[in-house]
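To keep things clear, I will list the structure first and then write my remarks on it.
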Amino acid sequence: TRTRNWLEAGKQAMSASMTDDTSTSPANPFSTGAGGSHFENKVQSAFLATTVANAFIPCLPNARAQKVYLQGGHLGYATDDLIIEGREPTPGRPGERLICQVKHKVSVSKKDENFVSAVAAAWKDFCKTNLFRRDIDTLALIAGPASAQLLNHFRTSLFWAKTSESSKDFFHRMGMEK
């Protein structure tokens, strides 16, 4: 049921990303000065260190980092900033992948271009059954520093996503009826 709920929510997010009429504004100095890529490089470096240390991967607590791909678009991923392959200590079990989009600043809102594009990319990858293995791979959006208020809102949103009967119920709880 949870997978079906996420499938429905993903379809709606993808649809919204194609039809949402958001106005564009000039890029801010942080973005044009490579601030976003600087943050992305810090995140990538942290995962490279995890690989060198043969440590467990955040979000994949049973897998040790084996490979890191920086910019995985050439592998066919739309969520392409960082792909980490891990191997569980259990022999014979296939390796897991953590497929990440890294954004310095993001708001959980259909008006935030970063959020909408990250969800749309994740949905595209989720639907690519030749790339994304739903039973063992994980998609992640890694964001920069967040306020306590944002984190509380995000936890509530995740709880509602887990407990909603359908995407319609989820969007109703979020106050975003379609």
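The values are calculated or read from the model by the stated rules, or taken from the named source; none is laboratory data. Quick caveat: nothing in here was measured; it's all calculated off a predicted structure. Glycine also receives a Cβ, built like all others from the backbone with ideal geometry; neighbour counts cover every protein chain displayed. For the accessible areas, the whole protein counts, side chains as well, though only heavy atoms, and no ligand, DNA or RNA atoms are used. Shrake-Rupley method; radii C 1.70, N 1.55, O 1.52, S 1.80 Å.
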Exercise for review: Scan (1) modelled with pLDDT under 80; (2) assigned to a strand (DSSP E or B) for the single condition Gln101 breaks and write down its number.
Suggested key: (1)
Point to revise | Test for Ile136: is it of a type in the set (Val, Ile, Thr) and in contact with a Pro (Cβ under 8 Å, 6 or more places away or on another chain) | key: yes
Review point. Would you pick out the residues in region 68-87 that are under 15 Å from Ile136 (Cβ atoms) and either open to solvent by 30 Å² or more (accessible area, probe 1.4 Å) or not in a strand (DSSP E or B) (or both)?
Key: Glu85, Arg87
Check your understanding: Which condition number in (1) over 30 Å from Thr51 (Cα atoms); (2) open to solvent by 60 Å² or more (accessible area, probe 1.4 Å); (3) part of a helix (DSSP H, G or I) is the one that Phe170 fails?
Key -> (2)
Check your understanding: Is there a residue being modelled with pLDDT of 75 or more, open to solvent by 80 Å² or more (accessible area, probe 1.4 Å) and in contact with a helix residue (DSSP H, G or I) (Cβ under 9 Å, 6 or more places away or on another chain) anywhere in region 50-63?
Key -> yes
Exercise for review: Of the numbered conditions (1) assigned to a loop (DSSP other than H, G, I, E, B); (2) out of contact with any Leu (no Cβ under 9 Å at 6 or more places or on another chain); (3) not acidic (Asp, Glu), Ser117 fails exactly one; give the number of that condition.
Suggested key: (1)
Practice item. With the condition kept exactly as written, say whether any residue in region 116-123 is touching a Gly at 6+ places or on another chain (Cβ under 8 Å), open to solvent by less than 30 Å² (accessible area, probe 1.4 Å), more than 20 Å from Thr51 (Cα to Cα) and not aromatic (Phe, Trp, Tyr). Key: yes
Revision key, fill the gap. Sole miss for Lys42 among (1) modelled with pLDDT under 50; (2) open to solvent by 30 Å² or more (accessible area, probe 1.4 Å) is condition (1)
